[in-house]
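Each remark here refers to the structure printed beneath this line.
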Amino acid sequence: MADDEAGCRLYLVTPPVLEPAAFRDILAAALDGGDVACVQLRLKDVPDDVVRRACDALLPVAQQRDVAFILNDRPDLAAATGCDGVHVGQQDASYDEARRLMGPDRIVGVTCHDSRDFAIDAAEAGADYVAFGAFYPTTTKPSRYRPEPDLLAWWSEMMTVPCVAIGGITAANCVPLVRAGADFIAVVTAVWNHPDGPAAAVREINAAIAAAGALTAP
């Protein structure tokens, strides 16, 4: 899911509750709606076998479309199920443990909230990306952290490791984050709850990213 010269890309996070067989077609529709860099499977507080079944059902949908498939929290299950990467929070497995389990060639991303120190530590350790947020209010994963877009600007000027912006992001409010330097914007509710469906949501968000990029171009 490396960032490319086109600039910011969409980082899609699954709903907090899903039924894998039914969600497979919904995910396919979203990915067919436009450019998506990766999909993160985020299922909290469920048994391991539920996570495994979801990976078995959804990972092929992403990989068949050359979209990276990332598991949240669990590097052990990510490695065992063949995921392209894992995303770990500050309270999850350490970066070092995640890298040991995933190996050198798969993606390891790290939540850094609003902390420059966390992000620098993760980048220097070898993280493939760092994630900042929540930039806007969100009910998906309530957060007491509320960074400003200038954090993204500082990071993009100082570091080469890509950054992900997350938290309440929509097509309507993503422009300041894209213009500030986010390499990826992570979106949940704005895609899965879009009144016209996930494919329309992906098209709308990609259009907003493109418009924001045009605004920043010299």
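Every read-out reported here was derived from the displayed coordinates using simple, explicitly stated rules and does not represent laboratory data. These numbers come from a predicted model, not from an experiment. Counting neighbours? That spans all protein chains shown, and the Cβs are built from the backbone with ideal geometry, glycine included.
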Charge dipole of the chain about the Cα centre (unit charges at C-beta), most positive-ward option of Gly33, Pro75, Pro195: Pro195
J(HN,Hα) series, region 189-201, from Karplus relation 6.51 cos²θ - 1.76 cosθ + 1.60, nearest Hz, glycine and proline x: 4, 4, 8, 6, 9, 5, x, 9, x, x, 5, 4, 5
With eigenvalues of the C-alpha gyration tensor scaled by 5 and rooted, the chain, Å: 24, 22, 15
The chain - mean residue ellipticity at 222 nm from DSSP helices (-39,500 (n - 2.57) per run, n ≥ 4, rounded to 500): -12500 deg cm²/dmol
Cα-centre dipole for region 9-216 with unit charges at Cβ (Lys and Arg positive, Asp and Glu negative), debye to 20: 320
Charge dipole (the chain, unit charges on Cβ, about Cα centre) - positive-most of Thr140, Val164, Ala208: Thr140
Approximate shape of region 154-218 as ellipsoid semi-axes (Cα gyration tensor, √5λ), whole Å, largest first: 23, 13, 8
Antiparallel DSSP beta bridges within the chain, as percent of all bridges there, nearest 5: 5
